[in-house]
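Values quoted throughout were computed directly from the atomic coordinates according to the rules given, and no laboratory measurement underlies them. Keep in mind it's a predicted model, so treat the numbers as computed, not measured. We place every Cβ from the backbone using ideal geometry, glycine too, and count neighbours over all the protein chains shown.
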Amino acid sequence: MVNFRLCLFTISSITLTFTLQPFHLLSDEAMIINVCDKTPDPSLCQTCLNSDPKSKTADVRGLAMISITCGTRDADKLYNDTYNLYTSTNDTALHNLLANCWTRFIGARDGINGAGRVLRDQGSDATKLTITRNVIPMITFCSDLFKKNPEVAVPKYIIDETNVVSTDCQIILGILNNF
């Protein structure tokens with residue numbers, strides 16, 4: 001009789017586990033949607049978070065770390081594209097304008113990347129300060145510089161990448177506000 005009860009209990013537990021498993025996955029996706037809905041670009045946020053399989057089991061801190069990884073990747077692309085254009089352009093005005101930005105873009109990339117260590121070691125408030133004080137001003141400086149110099153033909157892809165990194169920073173801050 002004991003074996004029958006143990007067998008019944010085991011079967012019930014296994015059935016319950018497999019029955020509830022789809023709901024668990026839905027709740028992870030629901031958390032991603034909920035967190036991203038609190039950012040300025042929910043679609044970009046969800047694309048970033050869903051690009052990492054760890055997002056399916058991550059808590060909010062893990063989602064913040066994933067968003068920092070996405071921001072670092074985008075800032076690295078912006079830096080590389082800007083530096084490559086800076087070193088190859090024959091347009092003196094563009095060269096001079098990019099001279100003011102490529103170093104800021106590498107600083108922004110390193111700042112976003114460093115925000116991951118700050119989050120791990122010091123928490124969300126210190127990470128928000130890192131992004132707000134150390135990264136956003138570098139991106140904003142260049143974005144404003146591009147706008148103040150409409151006569152300089154900054155390629156659209158550089159402007160678009162600058163906007164993406166700026167949005168990435170806002171997404172990181174939005175996710176950190178969920179702590």
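Rg and Dmax in Å for the stretch 67-168, alpha carbons only: what are they?
Values for the stretch 67-168 (Cα only, Rg and Dmax): 13.9, 45 Å.
Can you give me the C-alpha center-to-center distance between the stretch 36-98 and the stretch 127-164, rounded to a whole angstrom?
The stretch 36-98 and the stretch 127-164 have Cα centres separated by 13 Å.
For the stretch 41-47, in order, what is each residue's ³J(HN,Hα) by Karplus, 6.51 cos²θ - 1.76 cosθ + 1.60 with θ = phi - 60°, in whole Hz (x at glycine and Pro)?
Once rounded to whole Hz, the list reads 9, x, 5, 5, 4, 5, 4.
Please give the FRET efficiency for Lys156 paired with Arg133, using the beta carbon to beta carbon distance and R0 = 25 Å, rounded to the nearest 0.05.
On the way: r = 29 Å, r/R0 = 1.17.
With a Förster radius of 25 Å, E is 0.30.
Taking other Cβ within 10 Å of each residue's Cβ, how do Asp160, Asp52, Asp168 sort, fewest first?
Values: Asp160 11, Asp52 16, Asp168 29.
The order, fewest Cβ neighbours first, is Asp160, Asp52, Asp168.
Quick check: residue separation of Thr87 and Thr47 times 0.36 nm, minus the Cα distance between them. What number comes out in nm?
Working: separation 40, 0.36 × 40 = 14.40 nm, distance 3.20 nm.
Taking 0.36 nm per residue and subtracting the Cα distance, the gain is 11.2 nm.
Give, as ranges by residue number, the residues of the stretch 148-179 whose backbone N falls under 18 Å from the point 7 Å along Cα→Cβ of Lys54.
172-173, 175-176
What percent does the relative contact order of the stretch 58-179 come to when contacts are Cα pairs within less than 8 Å and at least six residues apart? Spell out each step's value before the answer.
On the way: 130 pairs, mean separation 45.6, N = 122.
Here the relative contact order equals 37 percent.
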